[in-house]
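So the structure is just underneath, and the comments pick up after that.
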Amino acid sequence: MSIGGGAANPILTVGSVALDSVRTPSGEVSRMVGGAATFFSVAASFFTDVRLVAVVGEDFDAERASVFEGRRIDLEGLQRVPGETFRWRGEYGSNLNTRETIYTHLNVFEAFEPRIPHGFRSSPIVFLANIHPALQLEVLEQVRDPAFVALDTMNYWIERTPAELKAVLARVDAVVINDEEARQLSGEGNLVGAARAIRALGPSHVVIKRGEHGVLAARREEFFAAPALPLADVRDPTGAGDTFAGGLVGYLASVQSRTHDAWARAVIAGSTMASFAVEDFGLGRLLRLAAADIRDRFREFKRLTHFDAL
Ligand code: AMP
């Protein structure tokens with residue numbers, strides 16, 4: 001596994017940079033740096049160079065911006081405008097697999113027009129993090145012939161903007177989505193059926209995130225499944241999905257191979273990164289992570305899932 005290799009393809013990502021307030025059974029934190037594109041970028045930057053396009057408000061001070069410092073994250077596309085940064089609050093009960101969104105304040109995202117800097121337009125890999133699908137489409141209009149485009153979305157957009165979401169799904173190679181959202185988007189209760197129905201909308205790769213139950217990943221007709229690492233101490237699941245996507249797409253960008261084996265390793269790289277994200281609030285654990293930790297945990301996944309055939 002190449003972490004931090006030099007020849008990796010850069011990834012362009014567009015999505016939310018947020019101030020998150022979160023309550024879980026382990027505690028409560030207010031206005032910490034989060035956002036789908038933030039978790040994605042920090043996770044993917046362990047594997048390759050990331051070009052982040054997003055918007056923040058005046059409240060996103062230097063201390064908050066320091067989460068991006070010293071990483072392979074290019075901030076040329078991070079706009080700072082008058083107003084408040086996107087804010088989101090989520091609360092979890094004792095079952096950490098379900099959460100309630102208390103509020104979503106789009107703030108500076110309401111007037112956001114993604115402007116992709118010239119140097120970012122020929123990015124070979126694109127990750128459209130969870131954001132208004134019309135904005136995801138605008139990004140695709142500005143990039144030149146990317147080799148691989150992946151997208152994340154959530155119930156908020158499936159309910160409010162289904163037509164725009166279908167238009168962008170028709171133009172991507174991979175979608176990363178959680179189980180409830182996969183059922184909602186496809187109208188299929190069964191996840192295998194849901195993956196098939198979503199593939200019929202455009203993406204050849206469909207990754208369904210199932211929280212503590214792991215992931216079900218369809219690559220064309222073929223399925224690959226991975227458990228979540230059994231962890232005794234889960235403090236905050238926020239951002240696990242975006243961190244998963246960062247590991248998955250980051251790994252794919254760092255290797256040239258597009259075989260089933262490379263895809264399977266990417267799914268495990270995503271699961272590995274997500275297993276770290278949930279161990280502390282917000283970005284906490286990811287910011288303290290070293291490449292050696294990632295390699296060790298990747299191997300733990302192999303031990304956990306390996307067995308010989310009969
Ligand atoms: P996850 O736990 O992977 O679903 O992602 C949680 C992150 O998504 C938080 O950091 C939020 O700031 C961000 N988020 C929540 N709702 C939205 C939304 N409607 N659009 C964009 N980002 C969002």
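Do we find a residue being modelled with pLDDT under 95, exposed (fewer than 13 other Cβ atoms within 10 Å of the Cβ) and not small (Gly, Ala, Ser) anywhere in the range 78-88? Write out each step before concluding.
Of the range 78-88, the ones modelled with pLDDT under 95 are none.
No, the range 78-88 contains no residue that is modelled with pLDDT under 95, exposed (fewer than 13 other Cβ atoms within 10 Å of the Cβ) and not small (Gly, Ala, Ser).
Could you tell me whether the range 140-147 includes any residue that is assigned to a helix (DSSP H, G or I) and touching a helix residue (DSSP H, G or I) at 6+ places or on another chain (Cβ under 8 Å)? Checked against the condition, which is being assigned to a helix (DSSP H, G or I) and touching a helix residue (DSSP H, G or I) at 6+ places or on another chain (Cβ under 8 Å), the range 140-147 yields at least one hit. The residue pairs whose first member lies in the range 4-22 and is open to solvent by 10 Å² or more (accessible area, probe 1.4 Å) and away from the ligand (no atom under 16 Å from the Cβ), whose second member is part of a strand (DSSP E or B) and at pLDDT 95 or above, and whose beta carbons are closer than 9 Å, counting only pairs six or more residues apart or on different chains, are 9/125; 9/148; 10/50; 10/51; 10/74; 10/125. When you scan the range 228-241, do you find a residue that is of a type outside the set (S, T, N, Q), free of Cβ contacts under 8 Å to residues at least 12 places away in the same chain and within 16 Å of residue 275 (Cβ to Cβ), even just one? The answer is yes; a qualifying residue exists.
Just to be sure, is residue 158 aliphatic (A, V, I, L, M), in contact with a Ser or Thr (Cβ under 8 Å, 6 or more places away or on another chain) and within 14 Å of the ligand (Cβ to nearest atom)?
Numbers: aliphatic (A, V, I, L, M): yes; in contact with a Ser or Thr (Cβ under 8 Å, 6 or more places away or on another chain): no; within 14 Å of the ligand (Cβ to nearest atom): yes.
No.
The residue of the range 248-260 that is farthest from residue 291 (Cα to Cα), among those that are of a type in the set (Ser, Thr, Tyr) and either open to solvent by less than 50 Å² (accessible area, probe 1.4 Å) or within 16 Å of the ligand (Cβ to nearest atom) (or both), is 257.
Could you say which residue among 245, 274, 228, 240 is among the aliphatic types (A, V, I, L, M), touching a Gly at 6+ places or on another chain (Cβ under 6 Å) and within 16 Å of the ligand (Cβ to nearest atom)?
Values: 245 fails: touching a Gly at 6+ places or on another chain (Cβ under 6 Å); 274 fails: touching a Gly at 6+ places or on another chain (Cβ under 6 Å); 240 fails: touching a Gly at 6+ places or on another chain (Cβ under 6 Å).
Answer to the check: 228.
For residue 34, are the conditions met, namely being in contact with a strand residue (DSSP E or B) (Cβ under 7 Å, 6 or more places away or on another chain) and open to solvent by less than 10 Å² (accessible area, probe 1.4 Å)? Criteria met by residue 34.
Pairs linking a residue in the range 97-126 that is on the phi > 0 side of the Ramachandran plot to a residue that is at pLDDT 95 or above, with Cβ atoms under 8 Å and 6 or more positions apart or on different chains, are 107/57; 107/83; 107/84; 107/85; 107/86; 107/87.
Hey, does the range 180-201 have a residue that's among the β-branched types (Val, Ile, Thr) and loosely packed, with under 14 Cβ neighbours inside 10 Å? Yes - at least one qualifying residue is present in the range 180-201. Could you check, for the range 139-152, whether at least one of its residues is within 12 Å of the ligand (Cβ to nearest atom), surrounded by 15 or more Cβ atoms within 10 Å (Cβ to Cβ) and among the small types (Gly, Ala, Ser)? The answer is no; no qualifying residue exists. Among strands (runs of 3 or more DSSP E) entirely within the range 23-129, having at least 2 residues that are within 15 Å of the ligand (Cβ to nearest atom) and within 27 Å of residue 177 (Cβ to Cβ) singles out 27-34, 50-56, 86-92, 99-105, 125-128. Of the residues that make up the range 53-66, is at least one open to solvent by 60 Å² or more (accessible area, probe 1.4 Å), at pLDDT 95 or above and of a type in the set (Ser, Thr, Tyr)? There is no residue in the range 53-66 that is open to solvent by 60 Å² or more (accessible area, probe 1.4 Å), at pLDDT 95 or above and of a type in the set (Ser, Thr, Tyr). It is to be established whether one or more residues within the range 167-178 are modelled with pLDDT under 95 and open to solvent by 10 Å² or more (accessible area, probe 1.4 Å). Yes, that holds for at least one residue.
The values are calculated or read from the model by the stated rules, or taken from the named source; none is laboratory data. This is a predicted model, so every value here is computed, not measured. Neighbour counts run over all protein chains shown; Cβ positions are idealised from the backbone, glycine included. Protein only, heavy atoms only, side chains kept; ligands, DNA and RNA dropped before computing areas. Shrake-Rupley method; radii C 1.70, N 1.55, O 1.52, S 1.80 Å.
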